[in-house]
Number of protein chains: 2
Amino acid sequence: MKAILTSVLASSLLVLAAPASAQFAKTEDAIKYRQSALFVLGQHFGRIGAMVNGRVPFDAKVAAENADIVAAMAQLPWAGFGPGTDKGAPTKAEPAIWTEPAKFKEASDKMVAETAKLAAAAKTGNLDTLKTAFGATAGSCKACHDAFRGK
Amino acid sequence: MKAILTSVLASSLLVLAAPASAQFAKTEDAIKYRQSALFVLGQHFGRIGAMVNGRVPFDAKVAAENADIVAAMAQLPWAGFGPGTDKGAPTKAEPAIWTEPAKFKEASDKMVAETAKLAAAAKTGNLDTLKTAFGATAGSCKACHDAFRGK
């Protein structure tokens, strides 16, 4: 399982290292790409949330599978925040993403790290362990949204 | 690498086996989910296409990493085509998806299978092998679009 994350992480780092112009034909594609990746991530994260919050019965296998998808998807959106993608399509991305890139990277790295912990926690099959990791991951989402996502 | 696909495939099959109502809070979420997953897939597939078509230099490692993401993403969209998701948000999905589900499943299964072959072909590092697999995958995309996607 770790190999999955490691492999996707390696992919992501390489993608991030390439110039944005080589990755997206149009600025709007970059914006749509990051929004799409985050939406898919959010849907799978929400399924874990439903279990953590008791809205649906806890199923350790389903939780682990969704957490793996969350951790894999978490690698992707960042390539879509390249220079010049602050506008060009409807976006809630705040200018701070581009004016304070180190802070944005720190916040996004934190989220990626928490999703990896979430995937590991989900594999324990222990609901309390999952709850703790879910809370930490949700906190990293919220911190980044608070700082870098507008209304 | 095979473990990645196998794992994601297992996740996907399980997700598909769950009732749609348990997966998406709203019909529009299901529609947005499948569109998002296919858009992310398309962006990574396009990067391979650019190499295959000579628009950017062939980089075997980049091709393989993108093909792995394509194969992983290919597992996801189908859960978003559940009963009742033929409308509820803008969608090009044709009614045939729901009136001829066996044919749609055959077409989507074909695409998933071709993306797995694409990932394997990309790992050979041979451009001609990649070209062949890319063409077959693109053909499976087109066949499904021709039959099940409107203008």
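A short reminder: the numbers here are calculations on the coordinates, not readings from a lab. Everything numeric here is computed off the predicted structure, so don't read it as measured data. FYI the Cβ positions are ideal-geometry reconstructions off the backbone, even for glycines, and counts take in every protein chain you see.
Miscellaneous remarks
- Computed helical MRE - 222 nm, the protein assembly as shown, DSSP H runs ≥ 4 contributing -39500 (n - 2.57), nearest 500: -24000 deg cm²/dmol
- Diffusion coefficient, µm² s⁻¹, Stokes-Einstein with Kirkwood Rh over alpha-carbon pairs of the protein assembly as shown at 20 °C and 1.002 mPa s: 109 µm²/s
- Number of partner chain Cβ atoms within 10 Å, mean per residue of A:63-72: 4
- For chain A, the relative contact order comes to 28 percent (Cα pairs under 8 Å, sequence separation of at least 6).
- Net lengthening on full extension, A:Asp128/A:Ala25 (0.36 nm per residue, minus Cα-Cα): 32.6 nm
- Take the Cβ atoms of A:Arg55 and A:Lys87, set R0 to 45 Å, and the FRET efficiency comes out at 0.75.
- Peptide packing: for A:27-34, B:74-81, the average count of neighbouring Cβ atoms within 10 Å per residue gives the ranking B:74-81, A:27-34, highest mean first.
- Taking every residue in B:31-41 and counting other chain Cβ atoms within 10 Å of its Cβ, the average works out to 5.
- Nearest-ten-degree value, helix A:101-124 long axis tilted from longest Cα axis of chain A: 20 degrees
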